[in-house]
1. Given region 121-233, what helices (runs of 4 or more DSSP H) lie entirely inside it while holding 3 or more residues that are closer than 23 Å to residue 30 by Cβ?
2. Does residue 194 fit the bill of being within 16 Å of ligand 1 (Cβ to nearest atom), touching a Lys or Arg at 6+ places or on another chain (Cβ under 8 Å) and under 24 Å from residue 5 (Cα atoms)?
3. Is there any pair with a first residue in region 4-16 that is closer than 8 Å to residue 30 by Cβ and a second that is among the charged types (D, E, K, R) and within 12 Å of ligand 2 (Cβ to nearest atom) whose Cβ atoms are under 7 Å apart and which are 6 or more apart or on different chains, and what are they?
4. Could you say whether any residue in region 143-165 is within 16 Å of ligand 2 (Cβ to nearest atom), open to solvent by 50 Å² or more (accessible area, probe 1.4 Å) and free of Cβ contacts under 8 Å to residues at least 60 places away in the same chain?
5. Looking at region 5-27, is at least one residue within 16 Å of ligand 1 (Cβ to nearest atom), of a type in the set (D, E, K, R) and under 19 Å from residue 70 (Cα atoms)?
6. Can you confirm whether region 62-75 contains a residue that is over 14 Å from residue 93 (Cβ atoms), within 15 Å of ligand 2 (Cβ to nearest atom) and of a type outside the set (Ser, Thr, Tyr)?
7. Criterion first (within 16 Å of ligand 2 (Cβ to nearest atom), open to solvent by less than 20 Å² (accessible area, probe 1.4 Å), outside any helix (DSSP H, G or I) and out of contact with any Leu (no Cβ under 7 Å at 6 or more places or on another chain)) does residue 79 satisfy it?
8. Does residue 179 satisfy the condition of being out of contact with any helix residue (DSSP H, G or I) (no Cβ under 7 Å at 6 or more places or on another chain), within 16 Å of ligand 1 (Cβ to nearest atom) and open to solvent by 10 Å² or more (accessible area, probe 1.4 Å)?
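The values are calculated or read from the model by the stated rules, or taken from the named source; none is laboratory data. Bear in mind that the values here come from a model prediction, so they are computed numbers and not experimental data. No Cβ is skipped: glycine too gets one built from the backbone with ideal geometry, and neighbour counts run over all protein chains shown. The area values use the complete protein model at the heavy-atom level, side chains included, leaving out ligands, DNA and RNA. Shrake-Rupley method; radii C 1.70, N 1.55, O 1.52, S 1.80 Å.
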Amino acid sequence: MLRFASLGSGSKGNCLVAESGSTRVLIDCGLNLRETERRLGRLGLKPSDLTAILVTHEHSDHSAGAFGLAAAHGLAVYLTHGTLTALQAEGTVNQGVRIHEVRGEEAFPLQEIEVRPFTVPHDAREPVQYVLSDGNARLGVLTDIGISTPHVENSLSGLDALVLECNYDRDLLWGGTYPRWLKERIGGPFGHLDNLDSARLLGALDRAKLKHVIGAHLSQQNNRPDLACAALAGAMGCEESWIGIATQNDGFAWREI
Ligand SMILES: [Zn+2]
Ligand SMILES: [Zn+2]
C-alpha cells in the first residue's frame, strides 16, 4: 500500500510525503526546519521516520528547507546534477549531507519505493518531477512546468494517483497586479500551468486507474480552489467534490492507494 500527504503546497513552500511500509520519502522541502517538523507531526511523523528527501529543482519554494532538514536528521538528499550545482552556487548546500545525483528517466529503488524522475520544461537548471511506485500502485507528482510535453504525458499515463499543478487562472493572472515581466514568466513556456492547461494535460492521460486527483501549487493571488476544481473535474468527468486541492497552510491529509 502506498499512501501520501502534503505538508503544504504553493509559492511559499511545497512538501509532500509518500510512504510504503517503513519507507518514507519527501518530495521537495520548501518549508523551514521548524515548520517542516511541526507539519510532519500533524501527519503523525517525526523527521527520523523519513528515508530520504527528493528535490525537484532549486527554486526556494521546493528546496529552501531540504538541506537543513537533511543535516539536522542525517537524511540523504536526491537531486539532479544541475539542481545541485545551482544550490551550491547559492551556498545553500550543507556540508556533510549525503547527496545522490539522479537523472531524468533513470528509475532507482529507495527501499520499498521505486523512484522515477522525469524531465520537465521549467525555468530551472535541470528540473525533474517524480513518479513513485510500491511495485503495485503508482503516484505521480507534477508541479512547476511551463507546458506539457508528449514525454510528460507518457510519464504520467496509467497512474493510480496524480498531484497536478494548477498554478493560475488566466483572467486572474493577466487582470491582476503582478508586474508584466512576472506575468510573462509565469505564463510562459518555462513557467507554470494554468487551470485549463492542467485540465488539458489530465485529459490527454490514460485515467482509467486514477483514484486520486489533487490540484496543487495554486497561486494565492492568481487562482481559486473552486476554479481549479472545476477545470480538473471537467477533464475527469467527475463531481467537483471528488477533486482534491492542496493548500499552502494545510496541504492535504493522508490518501491511500
Ligand atoms: Zn514552485
Ligand atoms: Zn519552480
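1. 150-156, 180-187, 195-204
2. yes
3. Sorted first by the residue in region 4-16, then by its partner, the pairs are 12/61; 13/61; 14/28; 14/61; 15/28.
4. yes
5. If we filter region 5-27 for residues that are within 16 Å of ligand 1 (Cβ to nearest atom), which is where we start, we get 6-16, 26-27.
Imposing the further condition that a residue be of a type in the set (D, E, K, R) reduces the set to 12.
Add one more test, that the residue is under 19 Å from residue 70 (Cα atoms), and what stays is none.
Taking every residue of region 5-27 in turn, none turns out to be within 16 Å of ligand 1 (Cβ to nearest atom), of a type in the set (D, E, K, R) and under 19 Å from residue 70 (Cα atoms).
6. Checked against the condition, which is being over 14 Å from residue 93 (Cβ atoms), within 15 Å of ligand 2 (Cβ to nearest atom) and of a type outside the set (Ser, Thr, Tyr), region 62-75 yields at least one hit.
7. Answer is yes for this residue.
8. Details: out of contact with any helix residue (DSSP H, G or I) (no Cβ under 7 Å at 6 or more places or on another chain): yes; within 16 Å of ligand 1 (Cβ to nearest atom): no; open to solvent by 10 Å² or more (accessible area, probe 1.4 Å): yes.
Taking the combined requirement at face value, the residue does not satisfy it.
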